[in-house]
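Participant: Have a look at this one before I ask anything.
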Amino acid sequence: MSSYVVPDQTTYEPALRFLSLALEGVARGEADGAAGSLLPLKLHIYLRVADISIAAQSMSDAKQAIDRALDVSTNSGSFWRKSRDAIALRWAMYLHRTGNSSEAMDAYRCVTHSIHEDLRFAAQINMAVLQLVEPTVLECRETLHSTISGLVQAIEVLPNGPHESVRRALLELVQGIRTEEPVKSKTHLLACLKICSDTADSVLQAWTLCLLATLVLPAGQYEQAMRMCAAGQSIAQNANDPLQKAAAIGILSHVEHAVGDPERRAKLLEIDQQCLEQFNARIQDC
């Protein structure tokens, strides 16, 4: 879920600087003899650094923050027991983002046993996404169906706050990906898109637009697909997210294959490959 913490790349550096100032304040407190009481705050800051770094695809920063969070938490046995699930979730998301799917799935599975409901939800929703998009780690359909059904039932009793809205959007997205019936899938994705618009979640909005574009392509709705991809590409450009940009451009290449000229499609495929290479270079630099 921390993939949606940073709206765009321009917010990453200011957020990182602010958190660095917070760590400087913690260091001054530690020098004054308050190290023990500052442990929870110090851990929270490092976890926040990990969140925004994963969101901004700065994987070396994310790995460093997770390592430091681990160092902080092992200062005492009782503090480690309280904080290990939060750290394990960030480690799972780091593995997920860097393409280590099987290891990420194992880490998420550990977090699903947490006593903290918010950590369990994040782990379960990420497991569901991973199972849907990575056939190599796909478990039986009954398990996936049970996981999603359980999340839907759990969220129905939650209040309508901003965090719960994000959860509902993610659930609609997962159900839209999972459903094989185009009409039902479109219904779920449109519901996700509405929530994204209401909460100003541009990152999730862009991915949802790309998925909707893939749904309307078989029906020959090429102009609608192009508009959706163009909007998704614009968001990805502002966020400096090469993976999201590659997704939108890849779908546009399919449109050009159906109605456009071969030269334009070839150019789009070339840009698509460049975006993927840029993304791979980011996640390998860690």
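The values are calculated or read from the model by the stated rules, or taken from the named source; none is laboratory data. What you see is a predicted model, and the numbers here were worked out from it, not measured in a lab. Quick reminder, even Gly has a Cβ in these numbers, built from the backbone with ideal geometry, and neighbours come from all protein chains shown. The protein model used for the area step is the full one, side chains on, heavy atoms only, and it has no ligands, DNA or RNA in it. Shrake-Rupley method; radii C 1.70, N 1.55, O 1.52, S 1.80 Å.
Participant: With the full set of protein chains in place, find how many percent of the accessible area of segment 223-286 is carbon and sulfur; take the probe as 1.4 Å.
Facilitator: Here it works out to 49 percent.
Participant: Which whole-number value in Å² is the accessible area per residue of segment 199-286, probe 1.4 Å?
Facilitator: Computed with neighbouring chains in place, this is 51 Å² per residue.
Participant: Oh, and also: Assigning unit charges at the beta carbon (Lys, Arg +1; Asp, Glu -1) and nothing else, what dipole magnitude in debye, to the nearest 20, does segment 47-109 show about its Cα centre?
Facilitator: With Lys and Arg at +1 and Asp and Glu at -1, about 180 debye.
Participant: Further, regarding this structure: Excluding ligands and nucleic acids, what accessible area in Å² is computed for Arg264 using a 1.4 Å probe, to the nearest 10?
Facilitator: Arg264 has an accessible surface of roughly 120 Å² with all protein chains in place.
Participant: Also: In what sequence, highest mean first, do 164-177, 95-108 appear when ranked by Cβ atoms within 10 angstrom?
Facilitator: For the peptides 164-177, 95-108, the packing ranking is 164-177, 95-108.
Participant: Rounding to the nearest 10 and keeping the result within 0 to 90°, find how far the Cα-based axis of helix 12-31 lies from the longest principal axis of the chain.
Facilitator: Approximately 10 degrees, to the nearest ten.
Participant: Based on the Cβ-Cβ distance from Phe79 to Ser102, what FRET efficiency comes out when R0 is 30 Å, to the nearest 0.05?
Facilitator: After rounding to 0.05, the efficiency reads 0.50.
Participant: Compute the Cα gyration tensor for segment 4-95, then decide on rounded, prolate or oblate, letting a ≥ b ≥ c be the square roots of its eigenvalues: rounded whenever a/c is under 1.5, prolate when a/b is larger than b/c in the other cases, and oblate in all that remain.
Facilitator: oblate
Participant: For segment 1-124, give the percent of accessible area contributed by carbon and sulfur heavy atoms, probe 1.4 Å, rounded to a whole number.
Facilitator: Details: 3210 of 6060 Å².
Of the solvent-accessible surface of segment 1-124, carbon and sulfur hold 53 percent.
Participant: Any idea what the dipole of segment 24-139 comes to, in debye rounded to 20, about its Cα centre with Lys/Arg Cβ at +1 and Asp/Glu Cβ at -1?
Facilitator: Once rounded to the nearest 20, the dipole reads 160 debye.
Participant: Right, another one. Ordered by residue, what ³J(HN,Hα) values in Hz, to whole numbers, does segment 104-110 give under the Karplus form 6.51 cos²θ - 1.76 cosθ + 1.60, where θ = phi - 60° and Gly and Pro are x?
Facilitator: Per-residue couplings from phi come out as 4, 4, 5, 5, 4, 4, 5 Hz.
Participant: I'd like the orientation of helix 202-216 relative to the chain: the angle between its Cα long axis and the longest Cα principal axis, in ° from 0 to 90, rounded to 10.
Facilitator: Between helix and principal axis, roughly 30 degrees.
Participant: Let me ask you something else. Reachable lysines from Lys42, Cα under 26 Å, same-chain residues fewer than 8 places away excluded?
Facilitator: In chain and number order, the partners are Lys63, Lys82.
Participant: Using only Cα atoms and rounding to the nearest 10 degrees, what angle (0 to 90) does helix 141-155 make with the longest principal axis of the chain?
Facilitator: That helix lies at roughly 70 degrees to the long axis.
Participant: Another question, if that's okay. Kindly write out, for segment 232-240 in residue order, the coupling ³J(HN,Hα) from the Karplus curve 6.51 cos²θ - 1.76 cosθ + 1.60 (θ = phi - 60°), rounded to whole Hz, with x marking Gly and Pro.
Facilitator: x, 5, 5, 5, 5, 5, 5, 7, 6
Participant: Of the residues Gln244, Gln205, Gln221, which exhibits the maximal mean-square fluctuation in a Gaussian network model of the chain defined by a 10 Å Cα contact cut-off?
Facilitator: Gln221
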